[in-house]
């Protein structure tokens, strides 16, 4: 009985440590600006992409706005080469409904080819660390995930992200 107890204890510790060391799954679901539910898992599956670039965005972030045409060009050139791109718009301070309305107007005028979602309550932004518990937004913030939803790296600018993407 003593040996059995040791084995059970060993296996329990092994599985506990293994689960702690396993990479966290950062897949999520949000509504697109057109109201369609987007699932990062489904985006990856349907396109058979190897990597998902998640860029957190706000209308008050000038570097974020300046990078959008670059991301659009990158996405158009690399969509079939294993990359998907999702822009996650975060609410700035103020009325969330007004922010959402302003975002819809902005993106209607811009016509980018990539996926675009609105994290109305900053749930995804907080999970990734792009939004502090206090609600403060830390942008630019870009993440690259693999098929399993694991974060491969984080970057704080388009140029930094591209230098790391080139190594994939």
task: Hey, can you tell me all the residues within the stretch 77-95 that are over 27 Å from residue 25 (Cβ atoms) and surrounded by 13 or more Cβ atoms within 10 Å (Cβ to Cβ)?
output: 92
- prompt: Residues in the stretch 36-53 that are without any contact (Cβ under 8 Å) to a residue 24 or more places away in the chain and either closer than 21 Å to residue 121 by Cβ or in a strand (DSSP E or B) (or both): how many?
  reply: 3
task: Inspect the stretch 5-14 for any residue being farther than 19 Å from residue 144 by Cβ and modelled with pLDDT of 95 or more and give the result as yes or no.
output: no
task: Give 143, 56, 153, 74 a once-over and let me know the one that is over 14 Å from residue 28 (Cβ atoms), part of a strand (DSSP E or B) and at pLDDT 95 or above.
output: 153
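The values are calculated or read from the model by the stated rules, or taken from the named source; none is laboratory data. Every value quoted in this text rests on a predicted model; they were computed, and no experiment measured them. All Cβ positions, glycine included, derive from the backbone under ideal geometry; neighbour counts span all protein chains shown.
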